[in-house]
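Remarks on the structure that follows.
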Amino acid sequence: MILQHFKEEKLYFDDELVKNAWELGKKLNPLPLSPMPALNITEHTKAFVIELVAPGLSHEDLNIHLVDNMLVLRYEGNSNAFESVLTQRQWRQEFRMRPFMRQIPVHAEMVQVDQINISSENGIISIRLPKMPELSGKVTSIMPFSTN
């Protein structure tokens, strides 16, 4: 397997940082070889907004929950999602949403958990996490999301 070969091959800059990053990636994304949809996290005056690129999906297709200061975004996959494409004579299939899971560490004490709003439009799933009233209207000096 190519990824296994890459992991075991000696690299020019082969140090603990590379090895640790590989292991951390496996812990944060336990689904084997699952593609990770890109996301943006932005801070506004009244809320933090997470945008996830998921073409063909709506927010209703995802399992989204906050547990132990971890925002979990999971898509289990739907074999019927691209059924119309599969019924035709197909020469090549490069696009389809595969199961994925994203975990985003969140400082839950900085957001109003009961006011989280989720929406989707044009392949972008938006998760709006309103700030606690004492933080609303100002940019925070503390990172609300872990960068690990």
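The values are calculated or read from the model by the stated rules, or taken from the named source; none is laboratory data. The model shown is predicted, which means the values in this text are computed figures rather than measured ones. Glycine also receives a Cβ, built like all others from the backbone with ideal geometry; neighbour counts cover every protein chain displayed.
Give me the residue from segment 115-148 that is under 22 Å from Ala54 (Cβ atoms) and of a type in the set (A, V, I, L, M, F, W, C) and, out of that set, modelled with the lowest pLDDT.
This residue is Phe145.
Taking segment 49-68, which residues are at pLDDT 90 or above, hydrophobic (A, V, I, L, M, F, W, C) and under 12 Å from Leu129 (Cα atoms)?
If the condition is that a residue be at pLDDT 90 or above, hydrophobic (A, V, I, L, M, F, W, C) and under 12 Å from Leu129 (Cα atoms), then Val49, Ile50 are the ones that fit.
Of all residues being assigned to a helix (DSSP H, G or I) and surrounded by 13 or more Cβ atoms within 10 Å (Cβ to Cβ) in segment 72-112, which is modelled with the lowest pLDDT? Just the residue, please. Step through it out loud before you land on a result.
Going residue by residue through segment 72-112, those that are assigned to a helix (DSSP H, G or I) are 83-86, 108-110.
Now drop any that are not surrounded by 13 or more Cβ atoms within 10 Å (Cβ to Cβ), which leaves 108, 110.
Numbers: Ala108: 81, Met110: 87.
The qualifying residue modelled with the lowest pLDDT is Ala108.
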